[in-house]
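The values are calculated or read from the model by the stated rules, or taken from the named source; none is laboratory data. Computed from a prediction, not measured in an experiment: that's the story for all the values here. FYI the Cβ positions are ideal-geometry reconstructions off the backbone, even for glycines, and counts take in every protein chain you see. Just the protein is used for accessible areas: all its heavy atoms, side chains included, with ligands, DNA and RNA removed. Shrake-Rupley method; radii C 1.70, N 1.55, O 1.52, S 1.80 Å.
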Amino acid sequence: MLFDPLEEQKRRGHSVRILSGTSARPEADIAVLHVDATVTPEAYVEYAGRFPFCLNNGAVDIAKRSVSTAVVGRGDAWKGEVVVKSNLNHWGAPEKQLNRQSRRAGKPEPFPGAAVFDRYHVYTSLAGVPPAFFERKDLVVEKFVPEPDPDGFAARFWFFCGERERCTRHVSPQKFVKSEDTIRREAVPVPDELRALRRKLGFDYGKFDFVMHEGRAVLLDANKIPGRARNLSSFIGAGNANLADGFEGLIRQMTWISYRPRLRCAAH
């Protein structure tokens, strides 16, 4: 999804380069750390720090255990339904692909043991979860708190870049709300507790998935590399200019911070 706002930046006269790996000289005014892995390897974090400014350099771990506010443990007091899912972003598929590429190149796997877990297991209580699931580091157990709606169930998606954003409530007949099952959507406000979480997690750009449960926001997923669903391409595309404005706002902000000490010296 990032590439659409970047194309808009090109149309506005900015120069944009896509860098792969960490060998290129960091010759740019501002960069975006955009590595398709749940936990960004330290080499990329160090490389990103060599640019004058790098967006999302604080959002280096988006594992469910690190971002979800619905995670529960075996001995917790939660009495409701629970769901077992992958602890990795996108079911662990990116990590498995990167491991495969490394093996083909004769290199060590960057994410040893990463496996794809592309399904959700729902249990009526914590007691019903197989003990082995609690032992697996690649899985996580969460409270299952779907948001009811007269037409089924709802989930909320907050896209943001800098100070620009859009937050939409999607309704589906399915408990696990997916874009392909959405029957209607509406703009909704962003809860203050999610704004605080965004600051804590270090996100400049990304997407938060959440539901409202008993009047409070429950963050289910925080994604620094969101994709674009095909059936929502026109809806998402309409917001690209807004996100591009967010990028430009960050550029102006970073440039001001960069040159402010020098301007103060000149004033003296």
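Odds and ends about this structure:
- Residue within the range 84-106 that is in contact with a Ser or Thr (Cβ under 9 Å, 6 or more places away or on another chain), open to solvent by 60 Å² or more (accessible area, probe 1.4 Å) and at pLDDT below 95 present: yes
- Sole exception among (1) more than 22 Å from ARG216 (Cα to Cα); (2) modelled with pLDDT of 95 or more; (3) open to solvent by 20 Å² or more (accessible area, probe 1.4 Å) for LEU139, by number: (3)
- Any pair with Cβ under 9 angstrom, 6 or more apart, that starts in the range 192-215 at a residue that is free of Cβ contacts under 8 Å to residues at least 40 places away in the same chain and ends at one that is open to solvent by 60 Å² or more (accessible area, probe 1.4 Å): GLU193/THR69; GLU193/ARG216
- Matching entry among GLU165, GLU142 (being under 30 Å from ASP245 (Cα atoms) and in contact (Cβ under 8 Å) with a residue 60 or more places away in the chain): GLU165
- Residue count for the range 11-32, restricted to those that are touching a helix residue (DSSP H, G or I) at 6+ places or on another chain (Cβ under 7 Å) and of a type in the set (Val, Ile, Thr): 3.
- Taken over the range 145-171, the residue count meeting the criterion of being farther than 30 Å from SER125 by Cβ and open to solvent by 30 Å² or more (accessible area, probe 1.4 Å) is 4.
- Odd one out for GLN174, checked against (1) over 16 Å from the mean Cα position of the chain (by Cα); (2) closer than 21 Å to HIS90 by Cα; (3) open to solvent by less than 30 Å² (accessible area, probe 1.4 Å); (4) not hydroxyl-bearing (Ser, Thr, Tyr): (3)
- Evaluated against (1) among the polar types (S, T, N, Q); (2) open to solvent by less than 30 Å² (accessible area, probe 1.4 Å); (3) more than 18 Å from ASN240 (Cβ to Cβ), GLN9 falls short on exactly one condition, (3).
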